[in-house]
Amino acid sequence: MASQTTELTSAASLAGTLWTDRERDACGMGFVARRDARYTREVVQLALDAVEHLAHRGAVDAGADDGSEPTGDGAGIMTAIPWSLFAGVAPDVEARGARGDLGVGMCFLARERAQRVEAMRTIEETAHALGVEVVGWRDVPTDDDALGAAARATRPYVMQVLFGRPDHVELESFEALLYRVRREIDREVRDIPGRVYVNSLSSRRIVYKGLLVARQLRRYYPDLDRDDFTSPYAVFHQRYSTNTFPTWERAQPCRMLAHNGEINTLRGNVSWMRARGEHLGWPAGRTGPDDDGSWLVPVIDERGSDSAMLDDVTQLLVHAGRELPEALTVLVPPAWDHDQDIEPHVRDLLRKNSATSEPWDGPAAIAFADGRQVGTCLDRNGLRPARWIETTDGLVACASEYGAVRVDDARVLRSGRLGPGQMLVVDLRDGSMRTGDDVVHELAAREPWGIVVAAQQLHVPDATLAGPTPLDADRATRPIAGDQALFGYSREELTAVLRPMVTSGVPPVGSMGDDTPLSALATEHRSLFGFVRQAFAEVTNPPIDPLRERLSMSLDTLVGPRPRLLQPDGAGWPALHLRSPLVTSAGLWRLRDLAQRSGMTVTDITTVLPGPTPDATDIAHAIETVCADALAAVAAGADVLVLSDRDATPDAPPLPALLVASGVHQALVRERVRARVGLVIDSGEPREPHHVAALVGHGADVVCPWL
């Protein structure tokens with residue numbers, strides 16, 4: 001989709017009716033940058049003004065009716081490091097900082113002095129162990145009178161720490177080394193009493209944030225009002241907390257991005273990052289000769305907000321060698337599967353990316369910066385606003401709405417807004433500006449991604465078509481009613497659920513409601529699937545429509561070893577590609593045949609009980625046995641596991657398919673080998689769309705409801 005660009009013809013168009021305090025649906029965010037990368041006070045001033053103009057997009061506590069200062073959900077700003085602030089901290093700071101020889105950590109520490117000193121000592125010792133020395137500390141000036149009561153009661157002691165670049169570390173590797181220092185600090189200070197949180201640690205950027213409303217930001221941090229606090233760019237954010245309790249740490253910007261919206265796919269995103277374990281592909285020796293990447297796990301700090309978790313993975317990709325826009329194209333991709341107008345080379349790139357990472361879907365608008373590039377992107381749904389302007393003198397600004405960044409109308413050269421899946425990037429190194437689909441087209445042109453996809457994704461054709469297979473040979477003489485009884489089918493299900501699906505091809509719809517008792521209270525036997533219902537997700541605002549849903553969502557499935565996330569070319573073992581996680585017995589036969597012909601190892605594991613009248617202990621033991629068999633198979637080189645209950649009989653009844661899928665998936669995750677193997681559930685138990693969805697939600701890659 002082309003960027004929707006318009007010319008602004010009046011100041012009213014820029015600052016008028018589109019900026020109203022009636023819009024209270026989400027956080028406010030954006031950026032200001034100069035294309036020539038010149039450090040100016042104007043950039044910082046415009047960003048501070050902008051976040052105050054977005055005050056209507058932040059929440060305020062209920063305790064400020066007496067006229068005292070309120071407590072907000074958080075506000076902050078990210079800029080380049082103003083080295084003049086540190087003139088008295090260490091010798092020759094400005095020159096060393098400009099060369100990239102210094103890194104700055106912005107830290108929240110405990111207010112109690114003994115705890116703070118212990119944390120400072122731990123930070124210094126942790127950095128020293130990695131060959132990085134602390135060259136000085138700075139107390140950050142703050143004004144507690146600017147805070148609301150709740151923010152004042154929980155306020156940290158704010159300090160900045162300077163790290164020197166070791167002589168043997170190249171400039172390009174210093175940022176990655178500082179990333180490792182920060183990660184190791186987080187690990188070491190987890191158990192220290194009091195608050196220890198590193199807002200940012202970089203040689204290029206710094207974050208000032210807190211549990212503030214927008215207008216309190218510059219008052220609480222007097223640094224921000226200094227004339228020598230200059231920057232070529234600034235990312236700003238005003239928070240409206242919807243899914244986590246507001247704290248000082250959860251204020252934004254995060255370390256690389258600021259986010260407006262919610263990550264509705266968060267539970268799955270976090271689960272699959274956990275499942276990758278050490279199967280990441282971190283470049284060996286990236287931060288030093290002893291760097292094997294083992295310190296990366298866990299990648300995500302699950303105590304954070306959805307924005308912070310996305311930021312954790314973004315940092316991982318960038319410090320592994322990706323450029324920031326490329327990393328966000330991997331994590332927050334545009335819709336491509338059902339877009340008939342997308343160019344083949346772009347489709348190949350996005351298909352390759354989809355094998356390495358699941359989309360972090362919103363609604364989401366993201367402003368980002370790493371000190372070299374700054375920009376904004378929208379997720380594939382495009383349900384959050386991102387409007388931008390460029391001025392005649394090279395200033396670029398993007399925000400949640402027009403009017404947040406206010407400049408004279410005579411300076412405005414052009415303006416526009418981003419559509420679903422689009423990106424705006426200002427490159428501070430060469431002054432270039434890319435918008436709309438330019439970034440993804442540029443990435444797609446770098447390599448012949450179609451060759452990579454062909455080698456890494458082997459398509460299984462016609463996996464949803466029926467037909468006789470050797471898998472059904474043993475059942476040919478068995479009465480189907482006996483199998484239905486064995487798997488708990490009821491006459492009601494056969495007539496009210498299965499028959500309508502067979503005749504109409506869609507799930508049955510009732511008009512009188514559902515008076516079926518909750519499974520835990522039912523007097524009749526219920527399948528385990530009946531105890532599982534839809535997990536909570538943030539409301540999509542505005543509601544998603546069927547046309548947008550068709551465009552932005554896909555059932556494409558990969559079975560087998562996943563490519564390593566941090567390897568740009570998607571290198572790794574081949575995997576099987578299917579258009580749906582639901583396959584027939586004939587489709588499963590085709591999958592198995594293609595896998596074996598391609599050199600993949602397919603291992604079958606039987607999921608039945610050893611006796612006809614099991615108790616809870618027997619079931620638990622049987623699940624443990626299946627999990628142990630699965631782990632042993634992976635250790636022996638299995639690429640695909642097929643967990644099947646086709647051998648079930650009244651004397652050896654089947655294990656609940658949902659229990660099997662969840663148990664094996666979690667066992668593989670615990671041992672950090674889940675990304676190395678595909679998981680197929682071949683069961684007679686699932687017979688409704690909900691059953692298949694529950695199995696996929698609990699870890700299955702493919703489901704074959706053979707009965």
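Things to note:
- Residues located in segment 664-678, provided they are closer than 20 Å to Pro563 by Cβ and surrounded by 18 or more Cβ atoms within 10 Å (Cβ to Cβ): His665, Leu668, Val669, Val673, Arg674, Ala675, Arg676, Val677, Gly678
- Look at segment 492-506: where a residue is under 17 Å from Pro686 (Cβ atoms) and a partner is part of a helix (DSSP H, G or I) and open to solvent by 50 Å² or more (accessible area, probe 1.4 Å), sitting 6+ places away or on another chain with Cβ atoms under 9 Å, you get Met501/Pro689.
- Hits in segment 145-157 - residues which are out of contact with any strand residue (DSSP E or B) (no Cβ under 6 Å at 6 or more places or on another chain) and open to solvent by less than 40 Å² (accessible area, probe 1.4 Å): Ala146, Leu147, Gly148, Ala151
- Test for Asp312: is it within 23 Å of Cys377 (Cβ to Cβ), open to solvent by 10 Å² or more (accessible area, probe 1.4 Å), within 14 Å of the chain's Cα centre (by Cα) and acidic (Asp, Glu): yes
- The lone criterion from (1) in a loop (DSSP other than H, G, I, E, B); (2) at negative phi left unmet by Glu118 is number (1).
- Unique residue being β-branched (Val, Ile, Thr), without any contact (Cβ under 8 Å) to a residue 60 or more places away in the chain and under 23 Å from Arg267 (Cβ atoms) when the list is Ile623, Ile605: Ile623
- Being in contact with a strand residue (DSSP E or B) (Cβ under 9 Å, 6 or more places away or on another chain) and part of a loop (DSSP other than H, G, I, E, B) is not true of Asp629.
- Listed by position, the strands (runs of 3 or more DSSP E) enclosed by segment 317-403 that each have at least 1 residues that are touching a helix residue (DSSP H, G or I) at 6+ places or on another chain (Cβ under 9 Å) and among the small types (Gly, Ala, Ser) are 364-369, 373-378, 395-399.
- When each of Gly72, Gly97 is tested for being among the small types (Gly, Ala, Ser), under 18 Å from Phe236 (Cβ atoms) and open to solvent by less than 30 Å² (accessible area, probe 1.4 Å), the lone residue that passes is Gly72.
- Residues of segment 499-529 satisfying the condition of being charged (D, E, K, R) and modelled with pLDDT of 85 or more: Arg499
- Scanning segment 558-576 for residues that are out of contact with any Ser or Thr (no Cβ under 6 Å at 6 or more places or on another chain) and either modelled with pLDDT of 95 or more or aliphatic (A, V, I, L, M) (or both) gives Leu558, Val559, Leu566, Ala571, Ala575, Leu576.
- Segment 582-599 - residue that is farther than 14 Å from Val640 by Cα and not β-branched (Val, Ile, Thr) and, of those, nearest to the chain's Cα centre (by Cα): Leu582
- When Pro344 is tested against the conditions (1) touching a strand residue (DSSP E or B) at 6+ places or on another chain (Cβ under 8 Å); (2) open to solvent by 10 Å² or more (accessible area, probe 1.4 Å), the lone failure is (1).
- In summary, helices (runs of 4 or more DSSP H) completely within segment 438-524 and bearing 1 or more residues that are under 36 Å from the mean Cα position of the chain (by Cα) and surrounded by 15 or more Cβ atoms within 10 Å (Cβ to Cβ) occur at 438-444, 449-456.
- Val140 being of a type in the set (Val, Ile, Thr), surrounded by 22 or more Cβ atoms within 10 Å (Cβ to Cβ) and at pLDDT 95 or above: no
- Unique match (being open to solvent by less than 20 Å² (accessible area, probe 1.4 Å), closer than 20 Å to Asp615 by Cβ and modelled with pLDDT of 95 or more) among Leu695, Leu643, Leu658: Leu658
- Note on segment 576-601: residues that are more than 17 Å from Asp472 (Cβ to Cβ), in a helix (DSSP H, G or I) and among the small types (Gly, Ala, Ser) amount to 1.
- Boolean, Thr329 is surrounded by 19 or more Cβ atoms within 10 Å (Cβ to Cβ) and either within 22 Å of Val425 (Cα to Cα) or touching a Cys at 6+ places or on another chain (Cβ under 6 Å) (or both): yes
- Taken over segment 125-137, the criterion of being open to solvent by 60 Å² or more (accessible area, probe 1.4 Å) and either charged (D, E, K, R) or under 15 Å from Val196 (Cα atoms) (or both) is satisfied by Glu125, Glu133.
The values are calculated or read from the model by the stated rules, or taken from the named source; none is laboratory data. Remember, predicted model here, so these are calculated numbers, not experimental data. Quick reminder, even Gly has a Cβ in these numbers, built from the backbone with ideal geometry, and neighbours come from all protein chains shown. What goes into the accessible areas is simple: the full protein's heavy atoms, side chains included, and nothing from ligands, DNA or RNA. Shrake-Rupley method; radii C 1.70, N 1.55, O 1.52, S 1.80 Å.
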